[in-house]
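Structure first, then comments.
The values are calculated or read from the model by the stated rules, or taken from the named source; none is laboratory data. Bear in mind that the values here come from a model prediction, so they are computed numbers and not experimental data. Backbone-built Cβ (ideal geometry, glycine too); neighbour counts: all protein chains shown. Side chains are part of the model used for accessible areas, which takes the heavy atoms of the whole protein and leaves out ligands, DNA and RNA. Shrake-Rupley method; radii C 1.70, N 1.55, O 1.52, S 1.80 Å.
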Amino acid sequence: MRRSRVQRMVLATCLGSFLLVIFYFQSSLNPAAEDRILGTSWHGKSGRSPLQALYDSDQFEQSSLQATHQQRRDLLSSVCSRYTRKRRLLTPDDLRHLVVDDVHGLLYCYVPKVACTNWKRVMMVLTGQGKYRDPLEIPANEAHVSSNLRTLSEYSTPEINHRLRNYLKFIFVREPFERLVSAYRNKFTRRYNTAFHKRYGTKIIRRHRQEPSNEALERGDDVRFEEFVYYLLDPRTQNEEPFNEHWERVHSLCHPCIIHYDVVGKYETLAEDANYVLQLVGADASVKFPSSSKTTRTTDDMTAQFFEDISPFYQRRLFNLYKMDYFLFNYSIPSYLRLR
């Protein structure tokens, strides 16, 4: 009987070895030795990693930009401490949005509808070893080809832990409802997004429109914003599958209470925050973050118009769904909401 118990314990241990969990741990190696073993070195102008460049600069009098980013880190840590009771371990699935730049020592968590196409273009330039020189020369569809950039989920557990400890981790965020309306406009009001119309639009119309026409059920290309909100709040939605990344909450995509981000950039200060990251990287002066000239981008005033026809009851429920993104990244409750 004792042998049987030992055999069960050995079997459980073997099975457990197949479950990949990632966690931060203190290395017994010094950083230089660890870099040699794991094949990492820094190619910035100073020879320092971006992480070293960031925290070395914190030892001196901070510029206003450095102080702003310190405040964002502090707030993130404070909110996480207040709302996160139990810290879970990361799984490979949690790391699919973390793009890796082994050349410069960067981890970028991409968030759709927060300039992620341009950031992927920049990451392709940084990691491309001269293949790409100008981010804007890279077609948007090529920037989203998964094989063009590696994500952290593709690495072994020791390699993942090394990068989480030693690479500069950055994320860009946006006012949550402005990002949500931007996703709705892009995916449901553009005729060319037929894949989204078929995959999501037909389901939304079937479930949340009274007496839909056969054409609407077939095409799914005229989803109303109100119907989209009903879909997001419908318990069946998340029971069936996770949210699509374009409207998934940032804290569910990038796990900022588990992964300690060193730079939290904002869409509202995109140009200066992007330049700050490139400065920390020591990127060549020719590498510029693309400036946005779009006049069709979703603004706060436009977002307010979309919420005019949403009842206070559903406004409150939708805010509760996205409230952690508001708290974590210091966004105020929109003045156009009728929550009381």
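Screening PHE319 on (1) under 25 Å from ARG82 (Cβ atoms); (2) open to solvent by 30 Å² or more (accessible area, probe 1.4 Å); (3) assigned to a helix (DSSP H, G or I); (4) at pLDDT 95 or above shows it passes everything except condition (2). Of all the criteria given as (1) open to solvent by less than 70 Å² (accessible area, probe 1.4 Å); (2) in a loop (DSSP other than H, G, I, E, B), the one not satisfied by TYR184 is (2). Candidates are the residues of region 63-101 that are open to solvent by less than 80 Å² (accessible area, probe 1.4 Å) and acidic (Asp, Glu); the one that is farthest from LYS323 (Cα to Cα) is ASP101. Applying the criterion of being polar (S, T, N, Q), open to solvent by 30 Å² or more (accessible area, probe 1.4 Å) and in a loop (DSSP other than H, G, I, E, B) to the residues of region 292-313, the residue that is nearest to GLY105 (Cα to Cα) is SER292.
Yes or no, residue by residue, for (1) within 24 Å of VAL125 (Cβ to Cβ); (2) open to solvent by 20 Å² or more (accessible area, probe 1.4 Å); (3) in a loop (DSSP other than H, G, I, E, B):
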site: PHE243; (1), (2), (3): no, no, yes
site: TRP247; (1), (2), (3): no, no, yes
site: HIS251; (1), (2), (3): no, yes, no
site: VAL264; (1), (2), (3): yes, no, no
site: ALA274; (1), (2), (3): yes, no, no
site: PRO290; (1), (2), (3): yes, no, yes
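Scanning region 102-110 finds one or more residues that are of a type outside the set (Ser, Thr, Tyr), surrounded by 12 or more Cβ atoms within 10 Å (Cβ to Cβ) and within 30 Å of ARG185 (Cα to Cα).
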